[in-house]
1. What are the radius of gyration and Dmax of the range 2-226, computed over its Cα atoms and given in Å?
2. For ASP159 and THR40, compute 0.36 nm times the residue count separating them, minus their Cα-Cα distance, and round to one decimal in nm.
3. Highest mean first, how do 140-150, 207-217 rank when packing is the count of other Cβ atoms within 10 Å averaged over residues?
4. Counting Lys and Arg as +1 and Asp and Glu as -1, what is the net charge of the other residues whose Cβ lies under 10 Å from the Cβ of VAL213?
5. 5 Å is the cut-off here: which amide hydrogens, built 1.01 Å from N in the peptide plane, fall below it relative to VAL198, excluding neighbours closer than 5 in sequence?
6. In the structure displayed, which of LYS87/LYS164; LYS142/LYS164; LYS37/LYS141; LYS104/LYS191; LYS146/LYS205 lie more than 32 Å apart, Cα to Cα?
7. Does the range 92-152 come out rounded, prolate or oblate by the C-alpha gyration tensor, with a ≥ b ≥ c the root eigenvalues, rounded set by a/c under 1.5 and, if not, prolate when a/b is larger than b/c and oblate if not?
8. What list of ³J(HN,Hα) values in whole Hz, one per residue of the range 39-45 in order, does the Karplus curve 6.51 cos²θ - 1.76 cosθ + 1.60 (θ = phi - 60°) give from phi, with Gly and Pro shown as x?
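Quick note: the coordinates plus some simple rules give every number you see, no bench work behind them. Every value quoted in this text rests on a predicted model; they were computed, and no experiment measured them. Neighbour counts run over all protein chains shown; Cβ positions are idealised from the backbone, glycine included.
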Amino acid sequence: MQKLLFILVFSTSILLQTNAQDLFKAPDFGQIERNVKEQTSSYYYPNLMNKYQSGTTQMTPEEGRHLYFGYVYQPGYVPTDTSEFNKKLAEVLSKQSFVAEDYKNILQYADALLLEDPFNLRALNAKLLVYAQDNNAEEYKKVALKRRIVQDAIIGTGDGMSEKTPFYVIKVAHEYDILPFLGYNFGGEDKILKGNKVNYLSLGKNRFEVDRVYFNISPIIDHLNARGGGKM
């Protein structure tokens, strides 16, 4: 568990530095859709996904943005998060200590979640825990690169401090999953703003004295509305 805490603290410091240095830009979904569907585009989606899945090649911020937000235009995109493996993974990770079988199960459950959602931060972080324990530097670097690409795509869209500068996400679960990397804990309140495609999560006490983080969930709402509605 100490290794996991080190990973989280290290990631948070990097993210906060990135947040301070980079300019925020809300995703242009119309342009992203055109680019990821155009075979001659440098952002053609199958090529981006292959690059991401390799875990060996850096992606530019714009490539990462097209990868993450372009996923909503792919057949495999599902905005809900109802996999049975979420509970199974959580149960194993809640243990005070792990045995060999636990590490095996963590990888199994994480891989199952990533088949459904290749940007599942909980699953990526769980795999990092196992690879850190096994001192498997090669696989650790691959997964760490994937996680960084996802994190950067989200935090590059805003600062999350108001409904006018929210972080954009393509799944509600990604809201909760990115909080620890930003140095926050969920405070218990999850509310969608009336007449808006923005919701906020309240935060537990933190050294930044921030009460809420705002997220734009328009990709999720648009996807569900196009299919007659549904539960997020």
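1. In order Rg, Dmax, the Cα atoms of the range 2-226 give 17.2, 51 Å.
2. So the chain would gain 39.5 nm between ASP159 and THR40.
3. Going from most to least packed, we get 140-150, 207-217.
4. Residues near VAL213 contribute -2 overall.
5. Under 5 Å from the amide H of VAL198 lie the amide H atoms of LEU193, ILE217, each far enough along the sequence or on another chain.
6. LYS87/LYS164; LYS142/LYS164; LYS104/LYS191
7. Because a/c hits 1.5 or more and a/b fails to exceed b/c, the range 92-152 counts as oblate.
8. Each residue of the range 39-45 in turn: 5, 8, 6, 6, 10, 4, 4 Hz.
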